[in-house]
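Take a look at the structure below.
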Amino acid sequence: MRTEQNHKMEQEYYHLTKEQVMLVRQLHFGWADGNEIGYDGGPCVNSKRPFGNSHVPGDIWEIVDPRPHNELMKAYEDSEEDEDALAEEQQATYDKYYRTLAHALQVVVSSGSFEPGIYSCNKYCRNYRLVTDEREIFKAKLLLGENHANPEEEKFSRY
């Protein structure tokens, strides 16, 4: 997420990835009872089992890499790596995606869209919208620090 300031308003950009969309779709919601602190409570994501199981890194890994579990285990057996390597890969995937889910969920709920892409909003309103203008996409990617090595994106360089 990056912010651009201009004379009218501060514009914020966020790149919603297909992996984040896959994870948001799998979240388990419930109701947080707030009676013990004097509130009515509210909707929440199950913090212990956000994807149904308590092994969150493994759940995330299986969602973003949907190959069958036995195929994944076979790949580790063939490469002579053990369960520690598998656990390390699961943890790396967790670290990459889990902490970004709150913002991804905000983008999805605010925009009403599960489409991966670049989203922008007024920094103070959180009214996200999918960016479709090529010039704005280019500007957002520069602000987000994304690589432009993709030949299809060379057309943006003239702007």
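Derivation of every value follows stated rules applied to the coordinates shown; laboratory data play no part. Note that this is a predicted model, so its numbers are computed, not measured. Counting neighbours? That spans all protein chains shown, and the Cβs are built from the backbone with ideal geometry, glycine included.
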What nm value, rounded to one decimal, do you get for the distance between Ala87 and Lys123 when each label is placed 7 Å out toward the C-beta? 4.3
Per-residue Cβ contact counts at 10 Å, fewest first, order Lys48, Lys141, Lys123 as Lys48, Lys123, Lys141
Points 7 angstrom from Cα along the Cβ direction at Lys18 and Asp95: gap in nanometres? 2.5
Give me a comma-separated list of calculated 3J(HN,Hα) values for region 111-122, in order, Karplus coefficients 6.51, -1.76, 1.60 applied at θ = phi - 60°, integers in Hz, x for any Gly or Pro. 8, x, 10, 9, 8, x, x, 8, 10, 10, 7, 6
Which entries of Lys48/Lys123; Lys48/Lys141; Lys18/Lys141 show an alpha-carbon separation above 28 angstrom in the structure shown? Lys48/Lys123; Lys48/Lys141
Counting only DSSP loop positions in region 98-148, the chymotrypsin sites (Phe, Trp or Tyr not before Pro) whose Cβ has at most 10 other Cβ atoms within 10 Å are Tyr124
